[in-house]
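Some notes on the structure that comes next.
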Amino acid sequence: LVAAALVGVATLMVLLGAGRLAEGLDFLGNQKARGLQVETVAATPYLLARAFGASGIRVGHEYGAYQVLGPGVSAAVVATGVAGLAVIAAYVALAWRRPGDLGLALGGLLAVLVTARVLSPQYLIWVLGVAAVELSTSGSRQRRTALLLVLAAGLTQWLYPPWYDPLLRGDLLPALLLTLRNAVLVAAAVVALRQGMTRPVETK
């Protein structure tokens with residue numbers, strides 16, 4: 001923590017000295033302005049509707065990612081933001097009673113992913129790492145979650161990059177594949193949270 005803080009302060013001082021502090025913090029504004037990335041759970045209904053011929057839904061490239069554009073997307077972005085804050089608040093409340101519970105942490109991380117407005121393929125690598133650490137602990141109850149995550153990773157690899165361009169074009173098969181992948185992720189989040197919340201609280 002100390003090393004990270006020192007690096008952060010040093011970086012800010014260099015940016016300040018170069019007169020480029022505002023540029024260095026641009027990423028904060030960019031993240032706030034980002035829309036609904038095509039891979040997210042919330043974007044899935046729009047991509048399915050588009051694949052089945054709905055009008056007014058399109059895909060645009062902004063902030064280095066492909067995002068869904070069209071009627072109702074702004075409301076969906078707000079909804080994902082509210083849902084994400086609610087998930088984080090709920091996780092903090094639960095984690096306060098279960099400090100160090102990796103199973104609950106895995107469930108909380110998955111809940112954040114499935115409610116987020118950004119869900120890039122590399123996110124699954126990060127969550128698989130958390131699952132691997134959780135499985136290495138004694139008394140792990142997240143084996144089904146891990147299996148679902150492996151399945152989701154396989155579906156993601158099938159989708160990205162081979163079928164990504166057809167997904168952006170509005171083809172049906174990649175939209176169905178994305179729907180299946182996201183359904184598996186939601187199932188993994190539900191299983192992980194259920195296992196994490198039903199685990200007895202350890203008392204000293």
Options 166, 174: the member that is open to solvent by less than 20 Å² (accessible area, probe 1.4 Å), under 28 Å from residue 34 (Cα atoms) and modelled with pLDDT of 95 or more: 174
Residue 124 being modelled with pLDDT under 90, in a helix (DSSP H, G or I) and out of contact with any Pro (no Cβ under 7 Å at 6 or more places or on another chain): no
Qualifying residue in the stretch 22-45 (condition: modelled with pLDDT of 90 or more and in a helix (DSSP H, G or I)): yes
Residues of the stretch 129-153 classified as surrounded by 15 or more Cβ atoms within 10 Å (Cβ to Cβ) and of a type in the set (Gly, Ala, Ser), total: 5
Odd one out for residue 156, checked against (1) more than 21 Å from the chain's Cα centre (by Cα); (2) open to solvent by less than 20 Å² (accessible area, probe 1.4 Å); (3) among the polar types (S, T, N, Q): (1)
Answer residue from the stretch 129-138, given it is without any contact (Cβ under 8 Å) to a residue 12 or more places away in the chain and in a loop (DSSP other than H, G, I, E, B) and is nearest to residue 189 (Cα to Cα) among those: 136
Of all residues making up the stretch 34-58, the number that are open to solvent by 50 Å² or more (accessible area, probe 1.4 Å) and among the aliphatic types (A, V, I, L, M): 0
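A quick yes/no check of all residues on (1) surrounded by fewer than 20 Cβ atoms within 10 Å (Cβ to Cβ); (2) part of a helix (DSSP H, G or I); (3) under 12 Å from the mean Cα position of the chain (by Cα):
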{"position": "60", "(1), (2), (3)": "yes, no, no"}
{"position": "68", "(1), (2), (3)": "no, no, no"}
{"position": "74", "(1), (2), (3)": "yes, yes, no"}
{"position": "85", "(1), (2), (3)": "yes, yes, no"}
{"position": "95", "(1), (2), (3)": "yes, yes, no"}
{"position": "108", "(1), (2), (3)": "no, yes, yes"}
{"position": "114", "(1), (2), (3)": "no, yes, yes"}
{"position": "120", "(1), (2), (3)": "yes, no, yes"}
Filter pass, residue 126 being open to solvent by 50 Å² or more (accessible area, probe 1.4 Å), without any contact (Cβ under 8 Å) to a residue 40 or more places away in the chain, aromatic (Phe, Trp, Tyr) and more than 30 Å from residue 168 (Cα to Cα): no
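The values are calculated or read from the model by the stated rules, or taken from the named source; none is laboratory data. Predicted, not measured: the structure shown is a model, and the values here were computed from it. Positions of Cβ are backbone-derived with ideal geometry, glycine not excepted, and every protein chain shown enters the neighbour counts. Ligands, DNA and RNA are stripped out before the accessible areas are found, and what is left, the full protein with its side chains, is counted by its heavy atoms. Shrake-Rupley method; radii C 1.70, N 1.55, O 1.52, S 1.80 Å.
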